[in-house]
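Read the structure below first, then the notes.
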Amino acid sequence: MRWHPKVLIGRNEIEDAVARLASEIQRDYRGKQPLLIGVLKGSFVFMADLIRQLDLPVELDFAVLSSYGSAKETSSRVRLVQGLTRPIRDKDIIVVEDIVDTGLTVSFLLDHLRSKKPASMKLCALMDKPSRRRVLVPIDYLGFTLPDRFVVGYGLDLDERFRYLPDICLLEEQT
Ligand code: IMP
């Protein structure tokens, strides 16, 4: 299939949203040292931009999750492929996710992290597709609400393609 990316959210709009999210987080965590946990691979570009807008001494870790769904669908069988490198007990955690779709992936991770008894835990997501939600996931810091459309770019992929695009794009079939 030949796909043609079409910009949905441009880089300037993304930059403004990341700056707004950073200032909201900064306001809530002043005097603290939160641990940001990025959900790989999709959140790596967002996370890199977010931490450079944050005037806070953050710590970082990453979790790799996988589900057995198709390229565009998450199945209900989510699994932790690679967990955190350090304990999170008594830490202030902010989970950083690229997009919450059905909610299955991030709710699995939040349950897993909660069992490790952090002092607090919040969720920061760049994008939300609320019409697709299958489990309730409260998002504390949100960039954009999207319709039910598949997007790529700014770290997000379709079968590992298009992650490098600087804008968030829709895919159109090329004839
Ligand atoms: P969920 O478990 O259905 O909420 O899906 C979450 C994960 O699926 C995200 O972290 C993404 O990696 C991926 N995903 C969901 N929607 C999209 C999309 O529109 N484009 C690219 N990846 C997506």
Query - Residue list for the stretch 144-161, filter: surrounded by fewer than 13 Cβ atoms within 10 Å (Cβ to Cβ), touching a residue at least 60 places away in the same chain (Cβ under 8 Å) and closer than 17 Å to residue 14 by Cα - result: none
Query raised in the report: List the pairs whose first member sits in the stretch 59-85 and is of a type outside the set (Ser, Thr, Tyr), whose second member is surrounded by 15 or more Cβ atoms within 10 Å (Cβ to Cβ) and at pLDDT below 75, and whose Cβ atoms are under 8 Å apart, counting only residues at least 6 apart or on separate chains?
Result: 77/67; 78/67; 79/67
Requested in this report: Run down 56, 104, 40, 21 and say which single residue is touching a Ser or Thr at 6+ places or on another chain (Cβ under 7 Å) and surrounded by 14 or more Cβ atoms within 10 Å (Cβ to Cβ).
Outcome: 104
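Output the residues belonging to the stretch 133-143 that are buried (at least 16 other Cβ atoms within 10 Å of the Cβ) and more than 12 Å from the chain's Cα centre (by Cα). Can you show your working first?
Applying the first criterion (buried (at least 16 other Cβ atoms within 10 Å of the Cβ)) to the stretch 133-143 yields 137, 139, 141-143.
Matches in the stretch 133-143: 137 only.
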Requested in this report: Answer yes if at least one residue in the stretch 30-44 is within 16 Å of the ligand (Cβ to nearest atom), among the aromatic types (Phe, Trp, Tyr) and part of a loop (DSSP other than H, G, I, E, B), and no otherwise.
Outcome: no
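Can you tell me how many residues within the stretch 107-132 are over 15 Å from the mean Cα position of the chain (by Cα) and over 25 Å from residue 90 (Cα atoms)? Spell out the reasoning first.
We begin by selecting, within the stretch 107-132, every residue over 15 Å from the mean Cα position of the chain (by Cα); these are 111-120, 131-132.
Within this subset, residues satisfying the condition of being over 25 Å from residue 90 (Cα atoms) are 131-132.
Looking only at that region, the number is 2.
The values are calculated or read from the model by the stated rules, or taken from the named source; none is laboratory data. On a predicted model such as this, the values are computed, not experimentally measured, just so you know. Neighbour counts are summed over all protein chains in view; Cβ atoms, including those assigned to glycine, are modelled from backbone coordinates with ideal geometry.
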